[in-house]
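Nothing in this text is a laboratory measurement; each read-out follows from the coordinates by a stated rule. Keep in mind that this is a model prediction, so the values were computed, not measured. Cβ atoms come from the backbone with ideal geometry, glycine included; neighbour counts cover every protein chain shown.
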C-alpha cells in the first residue's frame, strides 16, 4: 500500500513538516510518497512533536516479541527450542514473514564485562508453532527460565523483500 501524502492537507508543526496521526496513535512523517509495505507497522515507534523544534521520525529495525517458554509436551520439555509471540502477528501466514529473522534477548547482569553490564543471547526464528502466530526459535545458548515472559527483539534482517 502506497500513501501519497502530498495530496492531503495536514497541519504543520513549527514549519518543518507535516504529521499524519494513524488510528493506532502513532505518527508518520509526511513528505512525498511513503511506502507502508517496506516497514512493518510494529517498527513504527511513537515520538513527540514539539512546536518550533526539528521533527525527526524514528524507525527501529526490530519488532518486539515475548518469550512464552520452551517447546514442551505434557511431561517433557525441550530447552533447545523456545516459543516466541511476536507483537502484531496473529496467524500462521503472518509468521511466515519472520522465518529466518534474528532474535536478540537483551538482559543486564551484575558484573561488567568489557565495560558493559548488558548482554545478548542471539537466536533465529525457525518455524511457526500452531495457528495463532507463535514461532519456534533456536538460540546459540538455551534461554534461561528467568527469560520466560521477558521481551525480545525480532530483527527485520536478514530481509527477503
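In summary, strands (runs of 3 or more DSSP E) completely within the stretch 70-161 and bearing 3 or more residues that are closer than 21 Å to residue 60 by Cα occur at 77-86, 102-113, 116-129, 151-155.
Considering 113, 103, the condition of being buried (at least 16 other Cβ atoms within 10 Å of the Cβ) and on the phi < 0 side of the Ramachandran plot is satisfied by 103 alone.
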